[in-house]
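To start, the structure itself, in C-alpha cells.
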Amino acid sequence: MMIQVTINNKFQKREGTYKDILNNGVLDDLVKKVTGHTDYDVKYIDKTNRGRLVVIEQENEKDFVCLSDDRPAGRNSYFQSFPTTVNKYILDKHTNKRIFYYNLPTLDKINIETDYHRMMYRLMATIGTEFLNATEYLKKPIVAFNSVADFIRIRTNELSRKQNNSTYVTVDESSNTVIYGKVYGANKYETTLISIAMNALTMAKTTLYEFVEKNLKELPKASRNALEKIGIKIVKIDSEIEKHEFEKGDSLRSPKYISNLLAICGPKHCAFCDCDIPQLIQGAHIYPVADIKKLAVPLEKKIEMATDGKNGLWLCNNHHKLLDSGIITLSTNGDIKINTEALEKTSLNFIKNSLVLSRLPEDVITPNFVSYLNKRISAAS
C-alpha cells in the first residue's frame with residue numbers, strides 16, 4: 001500500500017523548517033498512529049505551511065493532521081493553527097477524509113491543560129477530530145460536547161470569570177443556534193472553531209453575526225467559505241444594520257444588544273423566575289426603545305443607549321410583558337414590586353408565585369442600570 005506524506009516546509013513566522021521538528025522518529029510515530037504503517041514516502045515542499053498541517057494520502061483516503069505549536073507564545077498559539085486546518089479539511093473535495101491533532105513536545109514547560117485549553121480540545125473533538133497522542137500529554141480524557149446547551153453551561157460555569165469572551169452562543173425563540181463573534185486578531189480562530197462545533201451539534205439553523213472591529217471587517221475568506229459550505233449563515237453587523245434595526249420598530253431585535261446582554265448578564269435566564277429555556281427568554285429594555293426614540297439627541301446616541309447591555313435584563317415572555325405593562329415594576333434599589341390595582345386575587349397569586357426573587361442581585365444594580373431605570377420611571381410619570 002502506497003502512503004504519501006506531504007508537508008509544506010516553511011514556518012510562517014520563524015526560522016527553521018518542519019523537517020527539523022519532525023525528525024528523530026516524530027513523523028514515523030505520527031504516520032503509524034494514523035495509518036498503522038511505518039512505510040511511507042514523504043515530500044517536503046518549499047512553501048509556507050498554513051495550519052501546521054501534515055497531509056497523508058493512502059489508497060482512497062486523505063488525512064489532515066494539525067501539529068500543536070512546539071513554541072507557544074500564549075494559550076491561543078498552542079492550537080490557533082487548528083481552525084486553518086479545519087478550513088482546509090472542510091473545503092477539500094475528497095470524499096473520504098479524516099482530521100487529526102498531534103501534540104508536539106514544547107520547548108518550554110507550559111500548562112496545556114487549563115480550563116480554556118480543555119474547552120478548545122472539546123470543541124475540536126465535537127467536530128470529529130481524533131487526538132493521536134493526547135494521552136501522553138493530558139491527564140484527563142477529551143470528551144466532545146453533547147449539545148449547544150452543554151457548551152454554554154461549561155463556558156459559563158468554568159470560564160466566564162477567567163477570560164474576556166470574544167464569542168457568545170445562544171438559542172433564539174425558533175430554537176436556532178445564534179453565535180455572536182468578534183473577528184479581530186486571535187478572536188477569529190475561536191469564533192471559527194466555535195461556529196463549526198455548534199453547527200455540528202444541532203439540526204437547526206446556525207447564524208454567525210460578525211462584529212466589525214478596527215480594520216478587520218470580517219473573517220478570513222477561507223473561514224467564511226468553510227462556514228458557508230457547512231450551512232452556516234454569516235451576517236456582518238455594522239452601524240447601518242444597527243441603524244435599520246433601531247428605526248424599523250419599537251421592539252428592538254438588535255444583534256449588538258443581545259450580544260451585550262450575553263456579555264453582561266450571562267446566558268439567557270429570567271431575572272425574575274427560574275426559567276432558563278432560551279426559546280422563552282427575551283432581552284427586556286429598562287429604558288424602553290420607544291422612549292429613547294423621543295429624545296432630542298443624535299441618532300448615534302439613541303442607538304448606543306438602545307444597544308447598551310446595562311440597559312436591560314433577561315426576562316421570560318410573561319415577565320417581560322408584565323414589566324412593559326406596568327404590572328411588575330422595579331425600584332431604584334432593585335425591589336421587584338407588583339402593581340395590584342387592576343388585578344384579580346387569582347392573578348395576583350399567580351404573579352406572586354411566579355417570582356423567585358423580591359429584589360434583583362446587588363451586582364445588577366449598577367449606577368448605569370439605575371440611571372436607565374430612573375429614565376424609565378420619569379418617562380412613565
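The values are calculated or read from the model by the stated rules, or taken from the named source; none is laboratory data. Please read all numbers here as calculations on a predicted model, not as lab measurements. For neighbour counting, all protein chains shown are included, and Cβ atoms are generated from backbone atoms with ideal geometry for every residue, glycine included. In case anyone asks, the SASA skips ligands and DNA or RNA and just uses the protein heavy atoms, side chains included. Shrake-Rupley method; radii C 1.70, N 1.55, O 1.52, S 1.80 Å.
So the check is Cβ under 7 Å with 6+ separation or different chains; which pairs have a first residue in segment 329-351 that's modelled with pLDDT of 95 or more and a second one that's open to solvent by 50 Å² or more (accessible area, probe 1.4 Å) and of a type in the set (A, V, I, L, M)?
Here the result reads ILE336/LEU357, each pair linking segment 329-351 to a residue that is open to solvent by 50 Å² or more (accessible area, probe 1.4 Å) and of a type in the set (A, V, I, L, M).
VAL289 - would you say it is out of contact with any Lys or Arg (no Cβ under 9 Å at 6 or more places or on another chain) and among the β-branched types (Val, Ile, Thr)?
Answer is no for this residue.
Do we find that ILE292 is buried (at least 20 other Cβ atoms within 10 Å of the Cβ) and more than 21 Å from GLU173 (Cα to Cα) in this structure?
yes
Can you pull out every residue in segment 254-277 that is under 19 Å from the mean Cα position of the chain (by Cα) and either over 21 Å from LYS182 (Cβ atoms) or assigned to a loop (DSSP other than H, G, I, E, B) (or both)? If you could, list the steps in order and put the result at the bottom.
Step one: filter segment 254-277 for residues under 19 Å from the mean Cα position of the chain (by Cα), giving 254-269, 276-277.
SER254, GLY266, PRO267, LYS268, HIS269, ASP276, ILE277 - these are the residues of segment 254-277 that are under 19 Å from the mean Cα position of the chain (by Cα) and either over 21 Å from LYS182 (Cβ atoms) or assigned to a loop (DSSP other than H, G, I, E, B) (or both).
Quick check on my filter: what residues within segment 159-217 are of a type in the set (A, V, I, L, M), more than 13 Å from the chain's Cα centre (by Cα) and at pLDDT 85 or above?
ALA200, LEU201, MET203, ALA204
Any residue in segment 115-131 that is among the polar types (S, T, N, Q) and farther than 23 Å from ASP29 by Cβ?
Yes, the conditions are met somewhere in segment 115-131.
Could you check segment 1-111 for strands (runs of 3 or more DSSP E) lying wholly inside it with 2 or more residues that are in contact with a strand residue (DSSP E or B) (Cβ under 7 Å, 6 or more places away or on another chain) and aliphatic (A, V, I, L, M)?
Of the strands (runs of 3 or more DSSP E) lying wholly inside segment 1-111, those with at least 2 residues that are in contact with a strand residue (DSSP E or B) (Cβ under 7 Å, 6 or more places away or on another chain) and aliphatic (A, V, I, L, M) span 3-10, 41-48, 53-58, 61-67.
Within segment 95-109, count every residue that is among the hydrophobic types (A, V, I, L, M, F, W, C) and exposed (fewer than 15 other Cβ atoms within 10 Å of the Cβ).
Looking only at that region, the number is 1.
Condition check ((1) touching a residue at least 12 places away in the same chain (Cβ under 8 Å); (2) over 27 Å from the mean Cα position of the chain (by Cα); (3) open to solvent by 50 Å² or more (accessible area, probe 1.4 Å); (4) closer than 20 Å to ASN374 by Cβ) across all residues:
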site: GLN279; (1), (2), (3), (4): yes, no, yes, no
site: TYR287; (1), (2), (3), (4): yes, yes, no, yes
site: LYS302; (1), (2), (3), (4): yes, yes, no, yes
site: ASN318; (1), (2), (3), (4): yes, yes, yes, no
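Out of the residues in segment 74-94 that are in contact (Cβ under 8 Å) with a residue 60 or more places away in the chain and farther than 22 Å from THR114 by Cα, state the one that is surrounded by the most Cβ atoms within 10 Å (Cβ to Cβ).
VAL86
Can you say whether ILE241 is part of a helix (DSSP H, G or I), modelled with pLDDT under 95 and closer than 21 Å to ASP324 by Cβ, as far as the supplied structure shows?
Answer is no for this residue.
For the subset of segment 126-158 comprising residues that are outside any helix (DSSP H, G or I) and aliphatic (A, V, I, L, M), which member is most open to solvent (accessible area, probe 1.4 Å)?
VAL143
Please verify whether GLY309 is at positive phi and either open to solvent by less than 30 Å² (accessible area, probe 1.4 Å) or modelled with pLDDT of 95 or more (or both), treating the condition exactly as stated.
no
Could you tell me which of the residues VAL65, VAL31 is more than 16 Å from GLU136 (Cβ to Cβ), surrounded by 16 or more Cβ atoms within 10 Å (Cβ to Cβ) and not polar (S, T, N, Q)?
Among VAL65, VAL31, only VAL31 is more than 16 Å from GLU136 (Cβ to Cβ), surrounded by 16 or more Cβ atoms within 10 Å (Cβ to Cβ) and not polar (S, T, N, Q).
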